[in-house]
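Below is one structure, written out as structure tokens; comments come after it.
The values are calculated or read from the model by the stated rules, or taken from the named source; none is laboratory data. Model, not experiment: these values are computed from the prediction. Cβ sites come from the backbone with ideal geometry, for glycine too, and all protein chains shown count toward neighbours. Areas reflect the complete protein model, heavy atoms only, side chains present, ligands, DNA and RNA absent. Shrake-Rupley method; radii C 1.70, N 1.55, O 1.52, S 1.80 Å.
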Amino acid sequence: QLQASGGGLVQAGGSLRLSCAASGRTFSSYSMGWFRQAPGKEREFVAAIHWSGRIIKYVDSVKGRCTISRDFAKNTVNLQMNSLKPEDAAVYSCAAREGGSASNLMLASWYYYWGQGTQVTVSS
């Protein structure tokens, strides 16, 4: 099971740290991804880290502002988001899949497990 947390209301230019906690199994061998969906829009890939830890991908709109990382001791994956913009507002969800090719990291359909989302609201 996955549970996302850390969302909230922040002013434009502010920061949030989202966390995805895994329970029931150790996700050290899983590729992990973050996706977001704003009202009236399709779900969008945000960031992902391959199970090997050697490949990380970001959507262009968050490059330089977001950092995805893993905490193996806590069995979590974090998404640090800085310089937030109103267009970053969405429900953010985490996803996981054991192993797999890094070429599929950006595809929502590739992931097996999904957690409930956490709302991010950015005021201008």
**Item:** Exclusive hit being modelled with pLDDT of 95 or more, open to solvent by less than 20 Å² (accessible area, probe 1.4 Å) and closer than 14 Å to Gln119 by Cα, set Leu16, Leu84
**Value:** Leu84
**Asked** Filter the range 96-124 for residues that are assigned to a helix (DSSP H, G or I) and over 22 Å from Gln80 (Cβ atoms); which is least open to solvent (accessible area, probe 1.4 Å)?
**Response** Trp110
**Complete:** A careful count of residues in the range 66-124 that are of a type in the set (Asp, Glu) and in contact with a His (Cβ under 7 Å, 6 or more places away or on another chain) gives 0
**Prompt:** Taking into account only those residues within the range 19-44 that are over 13 Å from Leu79 (Cα atoms) and either part of a strand (DSSP E or B) or acidic (Asp, Glu) (or both), which is most open to solvent (accessible area, probe 1.4 Å)?
**Reply:** Glu42
**Fill in**
Checked pairs for the range 1-18, first touching a residue at least 12 places away in the same chain (Cβ under 8 Å) and assigned to a strand (DSSP E or B), second of a type in the set (Phe, Trp, Tyr) and open to solvent by less than 50 Å² (accessible area, probe 1.4 Å), C-beta under 6 Å and 6 or more apart or across chains, list as Leu18/Tyr92
**Asked** Is there any pair with a first residue in the range 55-76 that is assigned to a helix (DSSP H, G or I) and a second that is surrounded by fewer than 11 Cβ atoms within 10 Å (Cβ to Cβ) whose Cβ atoms are under 6 Å apart and which are 6 or more apart or on different chains, and what are they?
**Response** none
